[in-house]
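Okay, so here's the structure we're looking at.
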Amino acid sequence: MGGQTGPQLRINIEAGLKVGLSETEIAEIIWQMALYGGLPAAINALNTLTSICEDG
């Protein structure tokens, strides 16, 4: 739920963007999963999403 999942999360977010998901759609999915994974994991995921979108 923390740093150990960062590389896999980055790959999955990038794959979602490649197949046509928007940044907003991915963020909505992350927020929905926050109920299951917890708020800290969701914040890490949103930070990863933001980092990818700023780079790309």
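The values are calculated or read from the model by the stated rules, or taken from the named source; none is laboratory data. Since the model is a prediction, treat every value here as computed from it, not as a measurement. With ligands, DNA and RNA removed, areas are computed over all heavy atoms of the protein, side chains included. Shrake-Rupley method; radii C 1.70, N 1.55, O 1.52, S 1.80 Å.
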Computing the accessible area with a 1.4 Å probe over protein heavy atoms, can you report the carbon and sulfur percentage for the chain?
60
If you take volume of the Cα convex hull per residue in Å³ from the coordinates, which of [x] 225; [y] 114; [z] 69 do you get?
[z]
Does anyone have the angle between helix 39-55 and the longest principal axis of the chain? Alpha-carbon axes, 0 to 90°, nearest 10?
20
Tilt of helix 6-18 relative to the longest C-alpha principal axis of the chain, in degrees (0 to 90, nearest 10)?
40
Whole-number accessible area per residue in Å² for the chain, which is evaluated in the context of all protein chains at 1.4 Å:
70
